[in-house]
Amino acid sequence: LLTWFAKLLFATGVLQATALFFGIFFIYPLIRTQAREEGKLREMTASLSARSETLEHAALTDALTGMQNRRFFDDALREYLQEFRKIDKPVGLMVLDLDHFKAINDTHGHDVGDQVLKAVAGCLKDMTRYHDVVARLGGEEFAVVAPNMDEPLLMKLAERIRKAIAGLAVGAGNVRLRVTTSVGLAVWDGKETAEEFFRRADKHLYQAKRLGRNRVCA
């Protein structure tokens, strides 16, 4: 009986030693490798998620000025109209185009032109409210969606912005450049699509251009 028990203890010891051997040299490395791979996957997932957010931000932001771009503006305008239709409140729209901007690029170079655009973008951000949508549509054209603003209020805001932009002085070597803007306004009639609403404001912008620039038309 003692011999059988001794053999049993010996066999148990061998099995434990074998299990320990396999655990140390085979199973543990596999677990460690799997954990390392899972850690890498988590890192990759976090990195891809952050990159996706960055790309989405970049897709909605104007790279030069840091303000919202045309894609963001189009989506935001549609959303504002959809929501403000429910509460029957006005939505104002302002479309701005810098006057004779091509001459600045041609005379002083695109770097100076870029400085002018950045200065105008900063002015627009400073002059508008946090819930207004302020965007660079492309080139020298900007737009502001001003919710809860009727025409008199929108006209006052547009005039303040026009004067503020005219008061900017952008350095170009020894020269201090000044720029003006023409502005077209529209207040949503509650029925127009976003595209029709924008076209109406844009039409008033070109009217401001035709009447001599550096003015607001509604």
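Among the residues making up the range 54-79, those that are at pLDDT below 90 and in a helix (DSSP H, G or I) are THR54, LEU55, GLU56, HIS57, ALA58, ALA59.
May I ask you to verify whether ARG213 is of a type outside the set (A, V, I, L, M, F, W, C) and at positive phi?
Values: of a type outside the set (A, V, I, L, M, F, W, C): yes; at positive phi: yes.
Considered against the rule, which asks whether it is of a type outside the set (A, V, I, L, M, F, W, C) and at positive phi, ARG213 comes out as yes.
The residue that is farthest from ALA119 (Cα to Cα), counting only those in the range 130-182 that are touching a strand residue (DSSP E or B) at 6+ places or on another chain (Cβ under 7 Å) and in a loop (DSSP other than H, G, I, E, B), is ASP150.
Among residues of the range 168-186 being at pLDDT 95 or above and of a type outside the set (Val, Ile, Thr), the one that is farthest from ASN214 (Cα to Cα) is ALA186. Taken over the range 183-205, the criterion of being outside any strand (DSSP E or B), touching a helix residue (DSSP H, G or I) at 6+ places or on another chain (Cβ under 8 Å) and small (Gly, Ala, Ser) is satisfied by GLY190, ALA194. For PHE73, the criteria (1) closer than 24 Å to LYS203 by Cβ; (2) open to solvent by 20 Å² or more (accessible area, probe 1.4 Å) hold in every case but one, which is (2). Once the range 78-113 is narrowed to residues that are farther than 23 Å from ASP202 by Cα and open to solvent by 50 Å² or more (accessible area, probe 1.4 Å), the residue that is farthest from the chain's Cα centre (by Cα) is THR107.
Counting just the residues of the range 87-146 that are polar (S, T, N, Q) and without any contact (Cβ under 8 Å) to a residue 12 or more places away in the chain, which one comes out farthest from ALA164 (Cα to Cα)?
Once the filter is applied, the top-ranked residue is THR107.
Here PRO147 clears all of (1) surrounded by 13 or more Cβ atoms within 10 Å (Cβ to Cβ); (2) at pLDDT 95 or above except the condition numbered (2).
The values are calculated or read from the model by the stated rules, or taken from the named source; none is laboratory data. Because the structure is predicted, anything quoted here is derived from the model rather than measured. Counting neighbours? That spans all protein chains shown, and the Cβs are built from the backbone with ideal geometry, glycine included. Accessible surface areas use protein heavy atoms only, side chains included; no ligands, DNA or RNA. Shrake-Rupley method; radii C 1.70, N 1.55, O 1.52, S 1.80 Å.
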